[in-house]
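Note sheet for the following structure.
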Amino acid sequence: MYVELRNVNKAFGKFPALSDVSFAIEKGKLVGLLGPSGSGKTTILRSLAGLERPESGDIYIADKRVNDLPAAKRGIGFVFQNYALFRYMTVFDNIAFGLEVLKTPRKQIAERVGELVALIGLEGLEGRYPNQLSGGQKQRVAFARALAPNPQLLLLDEPFAAIDAKVRKELRTWLRETISKVGITSIFVTHDQDEAIEVADEIIITNLGRIEQIGAPDEIYSNPRTPFVAKFIGQSETLSGYGRLKGFAAAEGFSEAIVRPEFVRVFKSGSEPYPHAVDSGVVESSIFRGDAQELHLNVAGMRVIANQPLDEAKFQIGEEVRVLIGKLFLTNDTEVRLVENQSLKDDNPVYI
Ligand SMILES: Nc1ncnc2c1ncn2[C@@H]1O[C@H](COP(=O)(O)OP(=O)(O)OP(=O)(O)O)[C@@H](O)[C@H]1O
Ligand SMILES: [Mg+2]
């Protein structure tokens, strides 16, 4: 494996920021580190970069153990969340910075900066200062600056956190394409699951300084392995009395269930295709989401969220509806079990 952490532990005072963190990354992959605030994402990047010194464990980069290698010798490019461009330097000088430090000949610097400016699509803006750039442009310059000395590993810590939603979406597509063009092994931190799912080849989920799950985005999404991941990924609602729902019996040892909007369908009373598999529910509130009506339902005293496509039936607040829950993730302290609505099997759909 190209990059590897083996049983890395890092504490700040008595606080364990990383506990036995192990993972491995193949060369050329773009990996997303996803987890809640304080879960250790930045500490993982900083340990890789040599900016933190773990108490124990081993770190390998390009198949070489780097524990005792200083940050500057690890061949890492780092993009920080808060731009961190040099304010009194132009775009050109910012990108050239790492090459100047390495005492690269002038002509070579000009060539390399030219290449990178073209890569980030900012031709003609080489002479501008950071305060003359938009947030998205600044992050592209930070990206080019990190790439300039040809690092063997690129680390990005919430590179788009300070950028507004629309530009952020464009930038993540751009990042994905540009990284695959350059072919550099990269790890980027985010706490936005959509960003991780859309951009990463592989996702590592962190929680309380531990790794919860590692896998391809679709695998993580459809097959959460731990209760934390099941709750964290998707728009999840936790149901404590799931045994009251049609088609689901309370399973021994599983006290809670998790439901996501895509597990739920809502029908007008009397028009439900599976009469024995549906529950009654009441629409408590609704949010217009542009492409769907998000319905917050009360089903047997529990909150269930459904996304109703706009071209299908509309529902009013207070309306009594039929709610079909197709499946649930049952959870206890350590396990997740996917169960299907048993009554669906016995029910012959009624077509009307
Ligand atoms: N220098 C430090 N001194 C003391 N505690 C620290 C230090 N750096 C981080 N921590 C603690 O270690 C834990 C992990 O921090 P880290 O910055 O890695 O989290 P994170 O996942 O990057 O969070 P965020 O999404 O908010 O950036 C946190 O509880 C944090 O308070
Ligand atoms: Mg952080």
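What to note about this one:
- In plain terms, the residue of 296, 276 with the fewest other Cβ atoms within 10 Å comes first and the most crowded comes last, giving 276, 296.
- At most 12 other Cβ within 10 Å, DSSP loop - GluC sites (Glu not before Pro), segment 115-213: 123
- Summary value for segment 197-285: 17 percent relative contact order, contacts being C-alpha pairs under 8 angstrom separated by 6+ residues.
- Computed over the chain, relative contact order equals 16 percent, with contacts defined as Cα pairs under 8 Å that lie 6+ residues apart.
- Taking every DSSP bridge with both residues inside the chain, close to 75 percent are antiparallel.
- Over the chain, DSSP H runs of length four or greater, each weighted -39,500 (n - 2.57), average out per residue to a 222 nm ellipticity of -7500 deg cm²/dmol.
- Rounded to two decimals, the Cα radius of gyration of segment 3-230 over 2.2 N^0.38 Å is 1.02.
- Charge tally in the Cβ shell below 11 Å around residue 4, where Lys, Arg are +1 and Asp, Glu are -1, residue 4 excluded: 0
- Order by protection proxy (mean Cβ within 10 Å, highest first), peptides 317-327, 132-142, 100-110: 132-142, 317-327, 100-110
- Contour minus Cα-Cα distance for residue 314 and residue 298 (0.36 nm per residue): 4.1 nm
- Cα centroid separation, segment 161-223 to segment 276-331 (Å): 30
- Nearby lysines by direct alpha-carbon distance to residue 231 (threshold 16 angstrom, same-chain neighbours under 8 apart not counted): 327
- The angle between the Cα long axis of helix 135-147 and the main principal axis of the chain comes to about 60°, on a 0 to 90 degree scale.
- Segment 179-220, relative contact order [Cα under 8 Å, separation at least 6], %: 28
- The residues packed around residue 130, meaning those with a beta-carbon under 12 Å from its beta-carbon, carry a net charge of +4 if Lys and Arg are +1 and Asp and Glu are -1.
Read-outs throughout are calculated quantities, based only on the coordinates presented, and are distinct from any laboratory measurement. These numbers come from a predicted model, not from an experiment. All Cβ positions, even for glycine, are placed from backbone atoms using ideal geometry, and neighbour counts span all protein chains on display.
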